[in-house]
Amino acid sequence: MKSLVRWSATLGLVGTALLGSFGLENLKALALPEQQVMEKLQPVPVFTVTDPQGAPLVATIPDGQNKAQAVAGVFISQKDAQAFVQRLQKEKPDLAKNVQVVPVSLAQIYKLRQENQNKPEGLNFAFIPVQQQLQAAQAIAGQAGQQGQSFQGTPLFVARGGRENGYLTVQENGKAVIPFFFEKEQLQVMVDRFKQQKPDLASTVKVEAVPLEGVIYTLQTSNNQELSNVMIVPTQEAISFLRSLPPAPGQNAPQGGQQRR
């Protein structure tokens, strides 16, 4: 399957989020129609390990019910995916010589998960977060009084503040956009600029960590146009990857076949 994504289209939005003027907005629910969910996820690259034909490398994992699940890892970081392949080269060189790190749109992973979720032998996907960001999310949870509770999932970072605890927004073509960042450091740049522009609200701003998996789930659960302004911002590493691509790239996505490890 070929990706239909013009990945570089997201770069303009990223620049706006980091350099634009800001506001605050309250939202009642995190939900969008299916097609809009795909559109939100489409510009975000993630990284899988596949064979030369694009079949994902999968592991067989017990599910606790005397059954086994086929699970493919989806790395947020390209470097983490490459490090996994390097470890595989040492531990299972015969298998490792036939695999490669492949960039895939987050929307494609979402679509494949939807297609496989009701199949008894369907392929599952597990997101693998960057450990530094997972630790940052855990620290935020601790500051919120959730000591002893580990953060579950792949963290996204978003800021809230103001008298009504609204989401921190940035203007994009006259529309208020709410950026959710994979990296806390990216969000902090935006928060610092907001505080400079609106010092009277600086003390009200708080950074929150929410799981990507939960965001995707709630985006798809109802038809509410109110959250059409959510934007998931790729990591700096992924942004550099996007900038390295030709204007209209086509990338291989995982196919139905599976190579097991």
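The values are calculated or read from the model by the stated rules, or taken from the named source; none is laboratory data. In this text, all values refer to a predicted model and were calculated from it rather than measured experimentally. Using ideal geometry, Cβ is built from the backbone for each residue, glycine included, and neighbour counts are taken over all protein chains shown.
Summary of values
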{"item": "Test result for Gln132, surrounded by 16 or more Cβ atoms within 10 Å (Cβ to Cβ) and either assigned to a helix (DSSP H, G or I) or not β-branched (Val, Ile, Thr) (or both)", "result": "no"}
{"item": "Test: Val207 is in contact with a helix residue (DSSP H, G or I) (Cβ under 7 Å, 6 or more places away or on another chain) and either closer than 30 Å to Gly73 by Cβ or modelled with pLDDT of 90 or more (or both)", "result": "yes"}
{"item": "Odd one out for Ile216 among (1) surrounded by 19 or more Cβ atoms within 10 Å (Cβ to Cβ); (2) in contact with a strand residue (DSSP E or B) (Cβ under 8 Å, 6 or more places away or on another chain)", "result": "(2)"}
{"item": "Qualifying residue in the range 145-153 (condition: surrounded by fewer than 16 Cβ atoms within 10 Å (Cβ to Cβ), in a helix (DSSP H, G or I) and modelled with pLDDT of 85 or more)", "result": "no"}
{"item": "From Val49, Val85, Val99, residue being of a type in the set (Val, Ile, Thr), over 15 Å from the mean Cα position of the chain (by Cα), at pLDDT 85 or above and surrounded by fewer than 17 Cβ atoms within 10 Å (Cβ to Cβ)", "result": "Val85"}
{"item": "Qualifying position, being at pLDDT 85 or above and under 27 Å from Leu219 (Cβ atoms), among Lys111, Lys119, Lys92", "result": "Lys111"}
{"item": "Residue pairs meeting the criteria (Cβ under 9 Å; at least 6 apart or on separate chains; first in contact (Cβ under 8 Å) with a residue 24 or more places away in the chain, in the range 133-144; second surrounded by 17 or more Cβ atoms within 10 Å (Cβ to Cβ) and assigned to a helix (DSSP H, G or I))", "result": "Gln133/Lys184; Ala136/Lys184; Ala137/Lys184; Ile140/Lys184"}
{"item": "Residue that is nearest to Ser203 (Cα to Cα) [pool: residues in the range 154-192 that are acidic (Asp, Glu) and surrounded by fewer than 19 Cβ atoms within 10 Å (Cβ to Cβ)]", "result": "Asp192"}
{"item": "Whichever residue in the range 110-129 is in contact with a helix residue (DSSP H, G or I) (Cβ under 9 Å, 6 or more places away or on another chain) and either of a type in the set (Asp, Glu) or assigned to a loop (DSSP other than H, G, I, E, B) (or both) and, among such residues, is surrounded by the fewest Cβ atoms within 10 Å (Cβ to Cβ)", "result": "Gly122"}
